[in-house]
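None of the figures in this text is laboratory data; all of them are computed from the coordinates on show. What you are looking at is a predicted structure, and each value in this text was computed from that prediction instead of being measured. So basically every Cβ, Gly included, is an ideal-geometry build from the backbone, and we count neighbours across all protein chains shown.
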Amino acid sequence: ESAALLAASGDQLLVDACRVAEEAGAGFVKTSTGFHPSGGASPRSVELMAGAVDGRLGVKASGGIRTAADAIAMLDSGATRLGL
């Protein structure tokens, strides 16, 4: 849950989690399920995740994307897939 990681520690824990996922062989990193009380995907979390993997992995924004404007914001922030 990217929102929980950001709330707990700021940017670094989320960036580190993306790097660990990459080292473990993941093909994608995903923001969240949207069920955690701290919220779903945010443009900031997508930007951080996309920056951490720098095109080597896909970034799926998921959780809290309800409108076309939300979807566009996630894509503009670096998401390569959306969970709607």
> Do you know the relative contact order of the chain, to the nearest whole percent, from alpha carbon pairs under 8 angstrom that are 6+ apart?
Replying inline: 30 percent
> Roughly how many nanometres apart are two label points built 7 Å out from the Cα toward the Cβ at R81 and S9?
Replying inline: 2.5 nm
> Can you give the calculated 222 nm mean residue ellipticity of the chain, where each DSSP H run of n ≥ 4 adds -39,500 (n - 2.57) and the sum is split over every residue, rounded to the nearest 500 deg cm²/dmol?
Replying inline: -15000 deg cm²/dmol
> Full extension from A69 to A26: what is 0.36 nm times the residue separation minus their Cα-Cα distance, to one decimal in nm?
Replying inline: 12.6 nm
> When Lys and Arg each count +1 and Asp and Glu each count -1, what net charge do the other residues less than 12 Å away from G51, Cβ to Cβ, add up to?
Replying inline: 0
> Semi-axes of the chain's equivalent ellipsoid from the Cα gyration tensor, sqrt of 5 times each eigenvalue, largest first, rounded to whole Å?
Replying inline: 18, 15, 10
